[in-house]
1. Sort out for me the Cα centre separation of segment B:191-263 from segment A:661-684, rounded to whole Å.
2. How about segment A:536-601: which GluC sites (Glu not before Pro) there are in a DSSP loop, with at most 12 other Cβ atoms within 10 Å of their Cβ?
3. Just to confirm the number: angle between the C-alpha axis of helix A:982-995 and the first principal axis of chain A, 0 to 90 degrees, nearest 10?
4. For segment A:440-485 and segment B:41-110, what is the separation of their Cα centres, given in Å?
5. Of the trypsin sites (Lys or Arg not before Pro) in segment A:121-192, which ones lie in a loop per DSSP and count no more than 16 other C-beta atoms within 10 Å?
6. Going by alpha carbons, how many degrees (0 to 90, nearest 10) lie between the helix axis of A:492-505 and the longest principal axis of chain A?
7. ³J(HN,Hα) across segment A:464-479 via Karplus (A = 6.51, B = -1.76, C = 1.60, θ = phi - 60°), whole Hz, x for Gly/Pro?
8. Along Cα→Cβ, 7 Å out, is where each label goes; now give me the distance between the ones at A:HIS827 and A:THR126 in nm to one decimal.
Amino acid sequence: MSPHTRRGRRALFIAIVLLASLGAFAATSYVVWRLRVENIDRQLEAAALSARSFEDHLTQSFSAIERSLVHAAEGDKRASSLTQFLRHAPYLRSIALVGRDGRIAVSTDRRNLGARPPLSEFLPRTTGPLEDLRTGSFTNGRDFHDGSPQAGSGYIPVSIDVRRGEAHWQTVVASVNPDYFLNFYGSHIAPEDGTVELLRYDGRLLLSTDEQAIPGESDGNGGLIARLADAEAGRLQETLPDGRTVLTAYRASRAYPFVLVVRMDRDRLLAGWRLEAIHTVSIVAAAFLSTLALAILYFVRFERLARDQERDQARQRIAAIAFESQEGMVVTDDQARILQVNKAFTRMTGYSAEEAIGVSMNILKSGVHDADFYRGIRTSLAKAGTWAGEIINRHKDGTLHPHFVTITAVCNDEGEVTHFVSAQTDITERKRAEIDLRIAAAAFQSREGMCVTDATGVILRVNRAFTKVTGYSAEEAVGQTPRILRSGRHDKAFYEDMWRSIEATGSWEGEIWNRRKCGELFPEWLTITAVRDDAGTVTHYVATLTDITQRKEAEYEIRNLAFYDPLTRLPNRRLLLERLKHALSAITRSEHGGALLFIDLDNFKTLNDTYGHDMGDLLLQRVAERLAGCVREADTVARLGGDEFVVLLEDLSGTPQDAALQAKTVGEKILEALNRPYPLADHEYHSTPSIGITLFSGPHNLSDDLMKRADLALYGAKAAGRNTLRFFDPAMQAAVTARASLEADLRKGLQQGEFVLHYQPQIDDSGTISGTEALVRWQHPSLGLVPPAAFIPLAEETSLILPLGQWVLETACRQLAAWATMPGRAHLSVSVNVSVRQFRQPDFVAQVLAVLEHTGALPGRLQLELTESLLLDDVEEVIDKMEALRARGVSFALDDFGTGYSSLSYLRRLPLDQLKIDKSFVTDIIGNTNDAVISRTIVALAHSLGLAVIAEGVETTEQKQFLALQGCRSYQGFLLSAPLPLAELETLLDQAADTA
Amino acid sequence: MKRFFLAGLSALFLGQTAFAQSGLLERIQAAGELRVCIWPDYYGISYRNPKTQQLTGIDIDMANALAADLGVSLKFVNSSFATLIDDVTAKRCDIAMFAIGITPARAEKLRFTAPHLVSDIYAITTKSNRRIRQWDDIDKPGVVVAVAKGTLHEPIMRDKLRQATLLVTDTTQGREQEVESGRADVFMTDFPFSRRMLETTDWARLVAPSAVYHLTPYAYAMVKGDERWHARVERFMAKARSNGQLMAAIRRHKLDPIAAPQP
């Protein structure tokens, strides 16, 4: 039952209780009210009864009085004979005979003699003699004689006329003792309960048991007297002047002019009723409350029972539902006889409920378990009351199924087993799944690294092999993505391809470089398989990775054996030829040249013979190392065998002379390196090489030819006396020789001050010479003035550019300082070309500043010209250096702008002041549209970057005009002036000053 | 047996004197009868119930005991206070047993036993009498006090009243009638009689003295001069006192408020 009905029940109960309370209250009230009414009725009745008996007593008393008086009148007229009438008449005080004069003539009390009773006031009134008893009103005093109005004492005079013969009447009077009646009334009705009044018929009070009442008065009884007209007797409720309510009964005397009134105090009379009412109410209340308490107790108990019942029902329902669970449920008696099974059980065992119920659980016995097994179950049930475990049961169709069974013994209150409840689950699937899981787990812990990720690539699980391969423990890897393994060796396209494959085919496999936790890169064979759910959505990815470093190493080893010389680890002849072939084919696509150097150790045979092959091998290894140290990474050092080595130089200059020079440089470096003593096993061994060089460029060269040529050149070197190098081409040899002498001349020239500076003026659009570009010239002793193009590259190669540059800078600055003091020259600036090598020097800034310092040149007049090739270096460093110098006032121009690789972004960042449009654009500016566009663009670019722009090589007026048209305001070129020696420049300046 | 012998012996030796004096004891023994004077209206003392004519009261019990003690039969002789002295001296009875107040006048004529009751004087009025509320209202002008002639109260009240009027009635009933009819306001009586009035009428009201008014010892009266008889009675009384017979009788008739202290 729901709480709703419970609430309803409670409400009903309360309603009934309220109703019963109301009923009890109403009934009690009614009873009490009835009691009151009845009580009043009864009291009225009692009052009436009292009134009746009092009236009876009164009437009889007065009847006796009347008789006594009549007899007294009739007897002799002596007092003594009158006295006898008083003997047994306590209601009479005295009897007297009245004479004709109205005075008492004879009396039982002599003191009364002569007294005159007021007979005319007696009732009933009469004019003549009357044979009926008449009464006066209450008179104070003990008797007729007693005139003293003493309180508390009085008498009622009565009279009667008795006929004594014809027309003769004897009047007899008596004083009636009111105490007699009061005693009588008082002994019946206690004064506190009520009062009894005796009224004369005219309403005058004769006597009252109420001591406060004043006899003789007629107040308050008018209504009562009026009633007498209707009824001689009656009863009524009255409210007295003092507020008390009284039950009044009155009755007139049957024979005499008296009325008796009994007034009972209602409140006092109701005292009994009140007590009774209180008792009644108390009893009813007590009874009702007891009943109510009982009812509540009963109700509460009922409620509890109902609740218990509901709970029981709910429990039973739950039990029923629980019983019909997915588990097979069986209830058996203590002998394992089946009493109840659920659907799951029938499904699980094949036995229907009808088949199962009543038979023993043994029908399920598979025979797989031995008797000990079942004994174990029984023991467990007996001891613990429960058993749980796996049992192989036999299905009705004979198949065996593993069931997980929980048996619970149900005991009665005495602790005796009455039932067994068994819950069983078919765990065939679970078993299978467990096995699968075990297999999967075993498989997962294979020697291959495995990693499972979710669909988003977050690693969920890794195996031990994964940790072993990658260095990441499971804790570290789980939650990460496989990106932690990325080596950086593969580009984006590689991974895109990989994922495309996975999406398309569901898997990918291949070789991939990954990075271990320690940072080491390693190759691995990776297989990624997408795991999809039934809907085809990818839920997981499984990656299998195998570290193939060893395989790679093995491959490498194999390759080494094939292509490398085992002794020196240098490429062998085969690899050399291959590379040579490769180099030759590469050369055909580029404009580079290459060189092949054959190196042979002089007198190696002697060493071998003297110190043995071990020592020889050791030497060869050292030689190999030194050779490798002499060439660039891209070049190849190979050992052909014995003491024969080959160096393959690639990416040499396209011009044969330059290439020869480069090859010679390398050759000389090798000579120098191999000439150094070899510390071999306690010996310092000296060895010299002979080198044969052949150059190659273009496709027409064949490997074998080249090899032969180099070999021939080697023989040339040997022939030339060993420890030297020889070119295969004699012309080349000559060129190389010439170059070598030039270098020597250059060095000498530097020492001897053969260099001079020429200055090419730079003018602005007004034609004023604003500055000059310092250009170096070599005054060769024998060759005459050598142009810079002939010696600058050589100087660059040989690092002579550094002292040369330094000299140029110093000279220019000195000139600046000189001009600074000269009128008309002070404004001139000097641009100095700075080579890349020069600029690259770490102390370049310091050098420049030092020069400025000691020459006293104004930094603001010095402009350094850089080439775009500088921008290939570390741009930040370049900017730092430039900024440092700019801070001192040195300005920068970018030379040959447009020929290099200047990217706009670099350009923007460089703290430049000026762009120089390269001569090559200016030359064809008129004829070549392209160049025109370029120059225009450069000008626009310079303007947009806020840079000044100057054009080089302006030779014609057209060119100048064109440039001016485009916004270029500064020029330099033959149109104005070729570079001039200082003296000529001074002249020009003077001329300019003069013209100005 | 021994007593019997002694009694016989004394009779033998003293017989002459006894007879010569015609002693009451001898007469009683000779007649085998004890005559006891009672006032049959004396409630609680010697009261004859008019409905049954049965006598009840302490002195009836004591008279029976005395007769038994003497070994003779008992005969009650009606008497009253008015006729008491005459009845006893005329030997109409051997002893008067109705709680006779020892007054000087009586003591002059009669021989009393040691008193066994002591009563004060009480007044009886009607319930509705509004003059008499308490004892002090009695001796006031206009108040009429009734006493019966010959009772011990007559001389006492005559002596004590100063302002009230004394009314002496011939009979004891008379004083009651005077009071009931209102001609008198109270009549004076003793404790036992007042009890009777309260218990047998519905109009009587007791007015008790506010302090001790006048105590009168009650005893049994015999003729003077018969010492043997008196001694015999006293011996009986002593025995009745000592064995509790007297006190039991007093209690039985609810007179213990006026039981006399032991002599």
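1. One Cα centre to the other: 180 Å.
2. On the way: sites: A:GLU553, A:GLU555, A:GLU557, A:GLU578, A:GLU591; in loops: A:GLU591.
The qualifying sites are A:GLU591.
3. Taking the Cα atoms of chain A, the angle to A:982-995 is about 70 degrees.
4. A separation of 145 Å, based on Cα centres.
5. Listed in order of number, the matching sites are A:ARG125, A:ARG164.
6. So the inclination is approximately 60 degrees.
7. For segment A:464-479, the Karplus curve yields 5, 4, 4, 4, 5, 6, 8, x, 8, 6, 4, 4, 6, 7, 5, x Hz.
8. 18.5
Here, each number is a calculation from the coordinates, and none is a lab measurement. All values reported here derive from a predicted model rather than from experimental measurement. Cβ coordinates were reconstructed from backbone atoms using ideal geometry, including for glycine residues, and neighbour counts include every protein chain displayed.
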